[in-house]
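Take a look at the structure set out below.
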Amino acid sequence: MIVLHVQKGQMKSGVIYKSIFLKAMPQLHELKLELATLTQQTKTVAAYFTKLKPIWDKLQAYEPTPLCTCGYTCGAAKEYIKTRESEKIHQFFMGLNDNFSTIQSQILNMDPLPPLNKVYAMATKEEKQQAVAASRGPIMEATAFAAMANPHTRTTPPGKVRCDHCKKIGHTKDR
């Protein structure tokens with residue numbers, strides 16, 4: 001791995017930085033390709049995010065935050081970091097499974113876009129809700145099926161009486 005830490009005097013000339021950056025291009029391309037093709041598939045949101053994080057960290061080493069020459073009064077570095085965070089959110093969403101499209105849409109419609117850690121928390125919360133809903137689905141269907149199959153659980157039409165003895169509608173055991 002090539003280290004991209006260069007002293008300020010060397011950075012101004014740009015010669016050393018350009019030389020190092022050009023040598024790092026194949027590794028940079030490989031990381032970006034890995035990032036573009038990484039998908040959640042059968043992984044949990046946490047496992048998928050854990051795969052993304054080291055790639056982002058390596059990319060940060062190859063593409064460090066630019067140095068400000070104004071003494072950090074222009075806000076360019078802060079804006080650069082904000083743009084990077086937005087890119088990470090989009091990259092995270094591009095690999096998520098389709099069942100997260102609703103939460104993705106909700107997040108992308110927020111202004112401003114929430115930070116990456118909040119987006120991650122929202123996605124994991126959605127994953128838990130989907131798991132609960134999926135586990136309840138078969139139980140609800142089985143309960144409904146059992147209720148329909150058992151004639152003793154059928155309800156009496158409104159305004160009609162039902163005999164507890166013979167189970168017929170129109171009279172009671174006493175009448």
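Each reported figure results from applying straightforward, stated rules to the coordinates on display, with no laboratory input. Quantities reported herein were computed from a predicted structural model and do not represent experimental measurements. Here the Cβ positions follow ideal geometry from the backbone for every residue, glycine too, while neighbour counts run over all protein chains shown.
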**Message:** Could you give each residue of the stretch 96-110 its phi-based ³J(HN,Hα) in whole Hz, using Karplus coefficients 6.51, -1.76, 1.60 with θ = phi - 60°, and x for Gly or Pro?
**Reply:** 5, 5, 4, 5, 9, 5, 5, 5, 4, 4, 4, 5, 5, 8, 7
**Item:** Phi to ³J(HN,Hα) by Karplus 6.51 cos²θ - 1.76 cosθ + 1.60 over the stretch 79-93, Hz, x for Gly, Pro
**Value:** 5, 4, 5, 5, 5, 4, 4, 4, 4, 5, 4, 5, 5, 4, 5
**Request:** Please give, to one decimal in nm, the separation of the simple spin-label points placed at ALA134 and GLU34, each 7 Å out from Cα toward the Cβ.
**Result:** 2.8
**Linear extension gain, THR44 paired with GLU79, 0.36 nm per residue minus alpha-carbon span** = 9.5 nm
**Prompt:** On full extension of the chain, what length is gained from CYS68 through ASN99, given 0.36 nm per residue of separation minus the C-alpha to C-alpha distance?
**Reply:** 7.0 nm
**Request:** With r as the distance between the Cβ atoms of ALA61 and ASN109 and R0 = 22 Å, compute the FRET efficiency 1/(1 + (r/R0)^6) and round to 0.05.
**Result:** 0.10
**Prompt:** Rg(Cα) of the stretch 33-112 divided by 2.2 N^0.38 Å?
**Reply:** 1.30
